[in-house]
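Report on one structure; see the data block that follows.
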Amino acid sequence: MKFRPLHDRVVIRRSEGDLKSKVGIIITDIAQEKPQKGEVIAVDLGTRNEGGKLIPLDVKAGDTILFGKWSGTDVKIDGEDLIMNEADIMGIVEKTVAANKAA
């Protein structure tokens, strides 16, 4: 299904959570915390200011972002996604040169 959020809303797919703790204990689905990192799936063009000028969003589809623990609204669009306002996004995770060489 194609879905385009309106105004300053962003559709995010959460990253997969850890299945094991640092000491190797397997964590069940019920006990896992939802990750606060995800990939931007869809954005709109932006929002308009009082004068009607379009203000584009700072994030774009494909960006990896960090967001607050209780941010957004869970929805089902081709899986489990999250819709939130751009203001709820804490930042974009930039890929470093070392990480690009390792991949």
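Readers should treat all values here as calculations from the given coordinates under stated rules, not as data from a laboratory. All of these numbers come straight from a predicted model, not from anything done at the bench. Because the Cβ atoms are built from the backbone with ideal geometry, glycine has one as well, and the counts that use them run over all protein chains shown.
Site pair VAL75 and ASP44 shows an inter-label distance of 1.0 nm when each label is modelled 7 Å from Cα along Cα→Cβ. Across the stretch 82-89, computed HN-Hα scalar couplings (Karplus, 6.51 cos²θ - 1.76 cosθ + 1.60, θ = phi - 60°) run 9, 10, 8, 6, 4, 5, 7, 7 Hz from first to last residue, x flagging Gly and Pro.
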